[in-house]
Structure formats: C-alpha cells, structure tokens
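Scroll down for the structure; my scribbles are underneath it.
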Amino acid sequence: MSNAPSELRAVTAFAPASVANVSVGFDLLGFAIGGAGDRVTIRPAPDRSGVRITAQRGVVTSLPSDPARNTATVALHALLAEQPLPFGLDVEIDKGIPLGSGMGGSAASAVAAVVAANAFLPTPASSDDLLRWATVGEAAASGAQHADNVAPCLLGGLTAVVGMDPPRAIALPVPPGLECVVIHPHLQIETRRARAAMRAEVPLHDHVRQSMHLAGFVAACYTGDAMLLGRSVVDLVAEPARAPLIPGFHDARVAAEAAGALAFGISGSGPTVFALTADPAVTARVEEAVLHVFEAGGVAADPWSGPVGQPGAHVLDAIEAA
C-alpha cells in the first residue's frame with residue numbers, strides 16, 4: 001500500500017494511556033501503559049478547509065464539540081498552522097480513557113490526532129514537531145503546557161521531559177523486569193482542580209530532597225537497579241496536596257507495600273494510582289491488594305498491569321482512496 005497523502009481517504013491512529021509524574025518527577029516523567037487508549041480517525045474534506053469533529057464515541061462522549069476547545073482538534077490546529085493542507089479534516093474520536101482519570105486521556109486524544117494527520121502531510125513531521133503540537137492540545141484541558149503524558153504517549157516507553165520551549169523529551173532505559181500495576185478507581189478529578197490544590201512554592205529543603213530522589217531514579221534507570229528506583233519514587237511536591245482527593249489512597253499504599261510493591265503513588269493528577277514491582281507474582285498480589293482496598297471502601301476500580309514502557313502511538317489503519 002502506498003502512503004502518499006493524496007491516496008488516503010481515512011487514517012486511524014491509536015495512542016496509549018500513560019502514567020505521568022511517576023511521583024518523583026512532577027511534569028517531567030511518564031511511561032506508557034498497555035490496555036487502554038484513544039483512537040482518532042481523520043478523513044480529508046476536499047470541499048472545505050478547517051477542522052470539524054464528526055463523531056465522539058467510547059467511554060466519554062461529552063467532550064467539547066467546538067474544535068477550538070477539544071484537545072484533539074486544538075492539536076490539529078497547531079499542526080495546520082505550520083503545515084497547511086489543501087483540504088479540511090473531519091475528525092472522529094473514540095475514547096478508551098475515562099475523563100479526569102489521571103491516565104493521560106487529554107494527551108492521548110491530542111497525540112492520536114497529530115499522528116493520524118501526519119499521514120496526510122507531504123513530508124512526515126518529526127517526533128519533535130508532533131510532541132510540540134500535541135502539547136498545545138493537552139494544554140486545552142489542563143490549562144498549562146506540560147508534556148509528561150504527551151511524551152510517553154507519543155514515544156512509548158519511559159520518558160523524561162528535558163525542555164519546554166519547545167518541548168523536548170528523551171527515552172530513559174527501564175530496569176529489566178520492572179512491572180507496573182495501574183488501578184483506576186471510578187472517581188473523577190479534573191486536572192485543573194488537582195493542579196490548583198498544590199502549593200505555589202516549594203520550600204528549599206523539599207526541593208533539595210526531591211532533586212536527590214530524582215537523581216536516584218535516573219541513576220537507577222541507567223544502572224538497572226530496581227531497588228534504588230523503588231526507593232527513589234518519592235513525591236514531596238504533588239502527593240501531599242492530591243492524596244486527600246483520593247478516598248482510600250493511604251490504605252492502598254499500605255496494602256501495596258505489604259504485598260511487596262517497590263513503590264506506590266498517584267498517576268498524574270489522580271485518582272488513578274500505580275505501583276511498581278519486579279516480580280510477576282508480586283504484581284498479581286499487589287493488584288489484588290489495592291483493588292480490595294478500593295472495593296472495601298465502596299469504590300469500583302479497573303486494573304491494568306504489565307511491563308513498564310509499552311509502545312507509543314501508531315497508525316492502526318490507513319485506507320486508500322478508491
């Protein structure tokens with residue numbers, strides 16, 4: 001099949017859910033997870049210009065239909081501002097990530113949109129460009145530009161954001177055998193609310209301690225030391241403000257650590273939580289223990305588990321014009 005833009009009549013891209021911050025790296029670290037994600041399908045509209053949302057399906061159908069407010073189409077506007085196309089774009093969004101879940105749903109829609117649209121460009125854009133455009137889309141939901149969900153969603157694996165003007169990210173090596181458990185309680189926390197709950201300034205001694213933990217995390221990635229990585233997953237910045245927003249969080253941490261987890265924390269702005277392990281048997285025990293805590297508190301929850309660092313966004317289907 002030829003992928004020449006003029007020969008395509010529909011492109012569908014998938015973008016995975018992600019865990020952002022990883023506790024120790026607020027707005028810096030993130031990793032892709034398997035199982036959940038968003039799909040965006042784009043069709044060229046030769047009779048007009050601009051971007052139009054033609055369908056929204058899946059676990060969320062109440063997202064803004066105004067292209068100036070939806071993360072997917074805001075990202076497309078950023079792309080088209082630099083790479084104009086001689087036709088309009090019709091956009092269908094299939095949400096697999098719950099709204100306000102802390103699993104990077106707004107980032108996934110933006111990433112899937114630019115990855116799908118990239119197939120229509122005369123010369124495919126670089127990953128740096130896609131990262132920049134998707135980050136603009138993410139900001140439409142969170143109120144601030146940050147790429148800790150966008151980067152792993154786009155690139156896959158475990159990533160660190162190393163610049164924001166423009167956004168830049170690098171891949172970090174994952175210690176062998178590192179696994180994650182991701183539990184999404186059926187609660188909703190708006191990203192803007194979670195960011196507003198945080199203190200505006202961090203005391204110097206907390207900044208120094210947090211920097212030490214971040215240095216330990218990065219060192220653990222490059223040395224393959226899963227135990228050091230687990231000890232380094234400490235959040236002195238966001239977790240103190242956000243944990244009270246998640247009923248049962250502290251009991252879930254106790255249960256996860258008792259079951260053998262190396263680390264436990266909040267995924268993004270929550271309410272989703274994550275644990276890190278280095279043994280499949282421990283992974284299963286941690287998942288069961290954390291689920292039990294939420295269910296005992298009357299909160300239903302969905303689990304995902306598997307190796308840290310799943311593949312990033314990619315084209316699922318590209319249909320040629322007749």
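Please treat every number below as a calculation from the coordinates, not as lab data. Nothing here was measured: the structure is a model prediction, and the numbers come from that model. Glycine also receives a Cβ, built like all others from the backbone with ideal geometry; neighbour counts cover every protein chain displayed.
Quick rundown of the values:
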item: Listed residues Ala263, Ala147, Ala215, most fluctuating in the chain (Gaussian network, C-alpha, under 10 Å); result: Ala215
item: Cβ crowding within 10 Å averaged over residues, with 51-62, 164-175 ranked highest first; result: 164-175, 51-62
item: For the chain: relative contact order, % (alpha-carbon pairs under 8 angstrom, 6 or more apart); result: 26
item: MRE, 222 nm, helices only [DSSP H, n ≥ 4, -39500 (n - 2.57), over the chain, to nearest 500]; result: -10500 deg cm²/dmol
item: Charge tally in the Cβ shell below 14 Å around Asp128, where Lys, Arg are +1 and Asp, Glu are -1, Asp128 excluded; result: -1
item: DSSP-defined antiparallel bridges as percent of all bridges, segment 44-143, nearest 5; result: 20
item: For segment 143-197: rounded, prolate or oblate by the Cα gyration tensor [a/c cutoff 1.5]; result: oblate
item: Relative contact order of segment 204-252, pairs being alpha-carbon contacts under 8 Å that are 6 or more residues apart, as %; result: 33
item: Cα gyration tensor, segment 52-156 - rounded (a/c under 1.5), prolate or oblate; result: oblate
item: Ordering of 80-92, 102-114 by burial proxy (mean other Cβ atoms within 10 Å per residue, highest first); result: 102-114, 80-92
item: For segment 199-273 and segment 277-312, distance of Cα centres in Å; result: 17
item: Whole-number percent relative contact order across segment 241-322, with pairs defined as alpha carbons under 8 Å at least 6 apart; result: 25
item: Extreme residue, positive dipole direction of the chain, given options Ser62, Pro175, Ser109 (C-beta unit charges); result: Ser62
item: Share, in percent, of DSSP beta bridges within the chain that are antiparallel, nearest 5; result: 85
